[in-house]
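For reference, the structure is listed below as structure tokens.
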């Protein structure tokens, strides 16, 4: 399970779920995921002005984003995520082509993965395993400098998708000297020369 700034799943939060915070005595409050999503105004605190909490030890939900004071649950012992809704529709992908200055937008188009599956070439079936080279970040040696990957391939997975070239063509294509930047809100932030 990913953690940190890129570990939050925006699509699931947008679809909706409930966050229940419960105190040791059973008192609880429910918060919608829309309120919690990427909100730094909700804090699980263990100190106040540098000293440990006394009255609501060990933890208390605080912050300016609380709907009202009664949501400041103290003696916090449990946080539950419940009532998950399935995301509706298809997630969007935005493709932007910039001029040589790197600022001026020449093209900005957005498509859903459903549209792409229906209108672009699809490679793989999501079940057949393909072996290929690429970054895989094993925990003890993230770059696998000794190239010790088993079976002669860094990655062996069942994939289904389309080519970056097809996606770039949707925004007017690329010149061979251009740089393609791919940004993902989960964990990928790589630059690849196309």
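The values are calculated or read from the model by the stated rules, or taken from the named source; none is laboratory data. Fair warning: this is a prediction, and the values are worked out from it, not measured in the lab. Glycine also receives a Cβ, built like all others from the backbone with ideal geometry; neighbour counts cover every protein chain displayed.
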Item to check | Qualifying residues in the range 161-193 (those that are surrounded by 13 or more Cβ atoms within 10 Å (Cβ to Cβ) and in a loop (DSSP other than H, G, I, E, B)) - the one modelled with the lowest pLDDT | outcome: 178
Checklist entry - Across the range 66-83, which residue is nearest to the chain's Cα centre (by Cα) among those that are within 18 Å of residue 53 (Cα to Cα) and touching a residue at least 40 places away in the same chain (Cβ under 8 Å)? => result 78
Checklist entry - residue 83: modelled with pLDDT under 85 and over 30 Å from residue 167 (Cβ atoms), yes or no? => result yes
Checklist entry - Taking the range 108-127, which residues are over 23 Å from residue 10 (Cβ atoms) and either surrounded by 13 or more Cβ atoms within 10 Å (Cβ to Cβ) or not assigned by TED's automatic domain parsing to the domain that holds residue 173 (or both)? => result 120, 122, 124
Item to check | Listing of strands (runs of 3 or more DSSP E) fully contained in the range 39-122 that carry 2 or more residues being touching a helix residue (DSSP H, G or I) at 6+ places or on another chain (Cβ under 9 Å) and within 30 Å of residue 175 (Cβ to Cβ) | outcome: 92-98, 105-112
